[in-house]
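Enquirer: Provided herewith is a single structure, encoded as structure tokens, for subsequent inquiry.
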Amino acid sequence: MCKPALVTAAFSTIAFLTGAITSLISGFLGMKIATYANARTALEARKGIGKAFTTAFRSGVAMGFLLAANGQLVLYITINLFKLYYGDDWEGLFEAITGYGLGGSSMALFERTRIEPNMDTSTNIQSNTIFCSCSFILKMGMFLFVHVHSSV
């Protein structure tokens, strides 16, 4: 049984916002881990290139697994929540969940940063990324909802 298009648009918008917020959190966590890993790798480089490589490699592995697990966990939860409404309507569920990937990709593509003088660089990048990302999330979420609703 096919669900109303307006409801699918609302679910797609929710999925878009969820994907964008997940991307924002993943970017923030990735930046934090990379910053700490860079400092630890620089300290280990004093002891030799082998120890520095091992530290950098392990940090990259930890960051990769954390970010991939974060995205998959949120996607799994979102699909199961949407399935409560859609039931056996797989086509509607897949149509609604595509917003998740669009939101995550949009955030990764359009996040911007600017450097302010007299601020710690990592704090500055994180605060500007969060601000720009939140404004972009709101704009794209509203655009997606209005666009899908107007085409119904």
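Enquirer: Would you point out which residue out of Ala20, Ala39, Ala15 is assigned to a helix (DSSP H, G or I) and either more than 16 Å from Gly101 (Cα to Cα) or in contact with a His (Cβ under 6 Å, 6 or more places away or on another chain) (or both)?
Expert: Checking each option against the conditions leaves just Ala39.
Enquirer: Residues in the stretch 27-43: is at least one small (Gly, Ala, Ser) and either closer than 22 Å to Leu6 by Cα or open to solvent by 70 Å² or more (accessible area, probe 1.4 Å) (or both)?
Expert: No, the conditions are met nowhere in the stretch 27-43.
Enquirer: Name the pairs: first residue in the stretch 75-104 and surrounded by 14 or more Cβ atoms within 10 Å (Cβ to Cβ), second residue outside any helix (DSSP H, G or I), Cβ to Cβ under 7 Å, at least 6 apart or on different chains?
Expert: Sorted first by the residue in the stretch 75-104, then by its partner, the pairs are Tyr86/Lys3; Asp89/Met1; Asp89/Cys2; Asp89/Lys3; Gly92/Cys2; Gly92/Lys3.
Enquirer: Would you please name the residue that is nearest to Phe110 (Cα to Cα), looking only at residues in the stretch 45-64 that are part of a helix (DSSP H, G or I) and open to solvent by less than 50 Å² (accessible area, probe 1.4 Å)?
Expert: Gly64
The values are calculated or read from the model by the stated rules, or taken from the named source; none is laboratory data. This one's a predicted model, so the numbers in the text were calculated from it and none came from an experiment. Neighbour counts run over all protein chains shown; Cβ positions are idealised from the backbone, glycine included. Protein only, heavy atoms only, side chains kept; ligands, DNA and RNA dropped before computing areas. Shrake-Rupley method; radii C 1.70, N 1.55, O 1.52, S 1.80 Å.
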